[in-house]
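Undergrad: Attaching a single structure in structure tokens format; questions to follow.
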Amino acid sequence: MKFLINRVGALVATLLLVCGALSPVEAQKAGGAGEPERYQIGGISFTGTRYLDPNTLIGITGLKVGDPVSIPGEELGKAIRRLWDQGIVGDVNVSIDRTEGSRIFLTFDVKERPRLSNFTFSGIGKTQADDLKNKIKLIRGKVVTDALLSNTSEQVRKFFTNKGFLNAKVNVTQQPDSTLPNSVVLTYNVNRGEKVHITDIDFVGNSAVKDGKLKSKMKKTKEKKPYKFLNAGKFQRKEFEDDKESVLAYYNAQGYRDAVVVSDSLISIPQTRSYLWLGTENGKFGIHRATEQDIDKLALRIRVDEGPKYYFRNITWSGNYLYDNRTLASILGIKEGSVYSKETLDKRLNYNPTGQDITSLYMNDGYLFFQIEPIETKVEGDSIDIEMRLTEGVQARIKDINIAGNTKTSDHVVRRELRTLPGEKFNRELLIRSQRELASLGYFDPEKVGINPVPNQADGTVDINYTVEEKPSDQITLSGGWGGFAGFIGTVGLVFNNFSLRKAGNFSNWRPVPAGDGQRLALNVQANGIQYQAYSFSFTEPWLGGRKRNSLTVSLNKSIQRVGTNFDVNTGSSIKVNSASVSLGRYLRWPDDYFSLSNSLSISQYKLKNYPYLQGFANGTGNANNITFNTTLSRNSTDNPTYTRRGSALSLSVNLTPPYSAFKGAHPSVNEWVEFHKWMFDASWFTPIVGKLVLNTRAHFGFIGSYNSSRAIGPFERFKLGGSGLASGGQNNFLVGTEFVGLRGYDDPTDANAIQNPNGSGGVAYNKYVMELRYPVSLNPAATVYVLSFAEAGNSFDQYSKYNPYKLYRSVGVGARIFMSAFGLLGFDYGYGFDPVDRYNTGATQPAQEKGHFHFIIGQQIR
């Protein structure tokens, strides 16, 4: 009996040792023996299991009946660790059920961990809760372990600290789920606290560059000041590391190539808060005061070592055979004594967006395998000598052109835009130009047009892989607007920008219309019952014949407007317009291949009956015919039609009618055959300022005149200035070709205080100047959004004798543009006009004019 007790005592001591309850010395004393004894497992059982399979658990322990175990020994400890490592149990105890001679029977008592059935958040809004669900990605049915609770709580906390809530606290509560066995619902209780801002950024050790300049180079890490309402003042370590690199890049560009950030420290400025609570403290029940400390503000201190300022000294060349040293030095454009800048050196060697560089010189001539490596050969004082080591290689020729991603657009539509052709020499400039042409088509996401040259140095060839991503390009217009005397006008329009007439004969291609050949089909209907109706149709083939970039456009238009209250067909007041036009355009190769020339011929017929709004017609009745020849010379080098970053767009347009008065004499009151010559010039430049911020400057001029000085300029094709520049019905006379020119901050031409000319007929000359700063909010092709601020000035004049280019109506304002592929362009502007309006250019102003105006546009830019 004594022997059994000692053996049992030894076993108990061993188990306590395994579970950490006794030290090895205590276990030896408790067992009464120092040497382990060997047993054979006679049986293994589990208690506490409700949902776990005991046989599976036995397999996890690694023990089985018949295995030898030592008491004390390692076998039981390893078995417990194996169970614990699975994460499916929260507690494990092992005990001896009984012993039979040398056989021992073990019982494992376990406490099963619950499984996750659902999880929720409290203390935050639905949007943030949805973001967190996507972030922590908890899977229902997963075993709820301590590590899971700890890790997910930390993820939730970091989510809010990254948003500036450095005092965020998270605790998790578990609630049994009555609908599922052994399952719990986790609730993450979030207390975000107050947002903590960086209030001060302090640079230490900088003498050559001021704090303000260094702070401006940090794009994400900013101070929160009362006057800096757009700066969040958040601190995020990853963004801060990127900002430090930007600071060093600026130092390097200024010649401080050894500049380093020695250290940085984030100093927390705590704030002590006190509050009252009801409860028991030190045995006393009542209201007690407590205090707690939270981080309230942050100060960021950055220590830099600028080092000396360096300059270029001697620049030598080696390995160049095609071009001599003088030619290469001229293109490099870095002279002795220039500030040493790795950024400038890299641009002049590899890619200079504003001019030529060394690599382009070679690669534009086929030398795809060209390499250049600048080596600092000597650093002496503040001067650095550079050796340019060139490997020119051989000329590469294009082998295959591969296109991927054009699921809707036909291959030939893509290939005809490419400037890189199989068999020709590789040319990097033409490769970049091809990318621009694909981006300008409007069929693909311009941000995702990819080019990937795949060189094969063994045979001196290169394959070029183009990748595109289709985006919706067709547009539908369903809108309504108030059109002066015409009242409410409803519009239904369809524009198919990637139409295919070739596929129209196969009914299976109508999904909803045949597409893929780059043709443009536009249908538009406007109506306000019997009072106003307009119908238009146009078709454009951009590559007439399929071999050259010659475009053909045919359009037909018909409209009728009835005014007053008598809409009788025979006795009512009305104007009917029928017109047709055909246009041919082609791209030019001189002065460069950004130029294009377009010529068109249009014929319009006007029928007036008791229509009182046009001068030159007795009793407002008569017919007029307008045959106009238009020629337009334009140049467009912009990089993206939706959000343009760089380039320019210039256009000179001339409209000419036959000089009837030269044959029939001057008849100022007769408009049977419309006669005029009209000149318009538009120019727009896009300049990147910093990052995605772009400056757009524009200038616009328009003049209309007659061939015969004794013949008055008729009411057709004149200019009207003001508002959004969109035409509407009635007095606007858009039916007779009036050019509407927007001027934000002032009334539309139909309003009482508009910038008008005598009798509202419009001007014969106008000029306008615009400056816009643009910044993109979203470049998603489904909805491109950018905001803008503007300053503009302009005026129109009804007589050349009154023309004064310095008499301008000025305004400033802000706005936004939204380009949706399905609906086109939407624009919102608020403009503030500074100058009182002289409605008739007589010197009499209208002081009652409102200064601020909201403007809305759809489908076109404000000119």
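The values are calculated or read from the model by the stated rules, or taken from the named source; none is laboratory data. Quick caveat, the model's predicted, so the values are computed rather than measured. Neighbour counts run over all protein chains shown; Cβ positions are idealised from the backbone, glycine included.
Undergrad: Among (1) assigned to a strand (DSSP E or B); (2) under 41 Å from the mean Cα position of the chain (by Cα); (3) not aliphatic (A, V, I, L, M), which single condition is Gly307 missing?
TA: Result: Gly307 fails condition (1) only.
Undergrad: Can you name every residue in the stretch 334-347 that is outside any helix (DSSP H, G or I) and surrounded by fewer than 14 Cβ atoms within 10 Å (Cβ to Cβ)?
TA: Lys335, Glu336, Gly337
Undergrad: Going through the stretch 158-167 one residue at a time, which ones are hydrophobic (A, V, I, L, M, F, W, C) and either under 28 Å from Asn182 (Cβ atoms) or not in a helix (DSSP H, G or I) (or both)?
TA: The answer is Phe165, Leu166.
Undergrad: Another one. Among the numbered criteria (1) more than 27 Å from Lys220 (Cβ to Cβ); (2) assigned by TED's automatic domain parsing to the domain that holds Leu186, which one does Phe160 miss?
TA: (1)
Undergrad: When the stretch 406-424 is examined, which residues are found to be buried (at least 17 other Cβ atoms within 10 Å of the Cβ) and in contact (Cβ under 8 Å) with a residue 60 or more places away in the chain?
TA: Listed by number, the residues that qualify are Asn406, Thr409, Ser410, Val413.
Undergrad: Further question: If you check Lys284 against the conditions, is it modelled with pLDDT of 65 or more, closer than 20 Å to Lys215 by Cα and not assigned by TED's automatic domain parsing to the domain that holds Gly164?
TA: The answer is no for Lys284.
Undergrad: If you check Thr344, Thr327, Thr391, which single one turns out to be hydroxyl-bearing (Ser, Thr, Tyr), at negative phi and free of Cβ contacts under 8 Å to residues at least 24 places away in the same chain?
TA: On the way: Thr344 fails: free of Cβ contacts under 8 Å to residues at least 24 places away in the same chain; Thr391 fails: free of Cβ contacts under 8 Å to residues at least 24 places away in the same chain.
Of the residues listed, the single one that is hydroxyl-bearing (Ser, Thr, Tyr), at negative phi and free of Cβ contacts under 8 Å to residues at least 24 places away in the same chain is Thr327.
Undergrad: So, in the stretch 510-561, how many residues would count as being within 13 Å of Asn498 (Cα to Cα) and not in a loop (DSSP other than H, G, I, E, B)?
TA: Total satisfying the criteria: 8.
Undergrad: Still on this structure, please answer the following. For the stretch 67-106, give me each residue that is more than 19 Å from Arg50 (Cα to Cα) and without any contact (Cβ under 8 Å) to a residue 12 or more places away in the chain.
TA: Glu74, Arg81, Asp85, Arg98, Gly101
Undergrad: Take Ser796 and tell me if it is under 23 Å from Leu693 (Cα atoms) and in contact with a strand residue (DSSP E or B) (Cβ under 8 Å, 6 or more places away or on another chain).
TA: The answer is no for Ser796.
Undergrad: Is at least one residue of the stretch 227-238 of a type in the set (A, V, I, L, M, F, W, C), modelled with pLDDT under 90 and in contact with a strand residue (DSSP E or B) (Cβ under 6 Å, 6 or more places away or on another chain)?
TA: yes
Undergrad: In the stretch 356-380, which residues are assigned to a loop (DSSP other than H, G, I, E, B), farther than 20 Å from Asp324 by Cβ and touching a Lys or Arg at 6+ places or on another chain (Cβ under 9 Å)?
TA: First, the residues of the stretch 356-380 that are assigned to a loop (DSSP other than H, G, I, E, B): 356-357, 364-370.
Cutting the leftovers down to farther than 20 Å from Asp324 by Cβ gives us 368-369.
Leu368 - this is the single residue of the stretch 356-380 that is assigned to a loop (DSSP other than H, G, I, E, B), farther than 20 Å from Asp324 by Cβ and touching a Lys or Arg at 6+ places or on another chain (Cβ under 9 Å).
Undergrad: Can you tell which of Asp798, Asp838 is at pLDDT below 85 and within 30 Å of Ser706 (Cβ to Cβ)? Don't jump to the end; show me each part of the working.
TA: Values: Asp798 fails: at pLDDT below 85.
Result: Asp838 is the single residue among Asp798, Asp838 that is at pLDDT below 85 and within 30 Å of Ser706 (Cβ to Cβ).
Undergrad: If you don't mind, another one. For the stretch 609-621, state whether one or more residues are more than 25 Å from His700 (Cβ to Cβ), aliphatic (A, V, I, L, M) and modelled with pLDDT under 90. First the steps, then the outcome.
TA: Just the residues of the stretch 609-621 that are more than 25 Å from His700 (Cβ to Cβ), to begin with: 609-621.
Next, only the ones that are aliphatic (A, V, I, L, M) stay: 614, 618.
From what's left, modelled with pLDDT under 90: 614, 618.
Yes: one or more hits.
Undergrad: From the residues in the stretch 762-787 that are among the polar types (S, T, N, Q) and either surrounded by 22 or more Cβ atoms within 10 Å (Cβ to Cβ) or not assigned by TED's automatic domain parsing to the domain that holds Asp838 (or both), which one is modelled with the lowest pLDDT?
TA: Per the stated criteria, the residue is Thr784.
Conditions (1) under 28 Å from the mean Cα position of the chain (by Cα); (2) at pLDDT 90 or above, marked per residue:
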residue: Asp639; (1), (2): yes, no
residue: Ala649; (1), (2): yes, yes
residue: Pro658; (1), (2): no, yes
residue: Pro668; (1), (2): no, no
residue: Asn671; (1), (2): no, no
residue: Trp685; (1), (2): yes, yes
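Undergrad: Now, a different point. Among residues belonging to the stretch 113-143 that are surrounded by 17 or more Cβ atoms within 10 Å (Cβ to Cβ) and of a type in the set (D, E, K, R), point out the one that is nearest to Ser70 (Cα to Cα).
TA: Arg113
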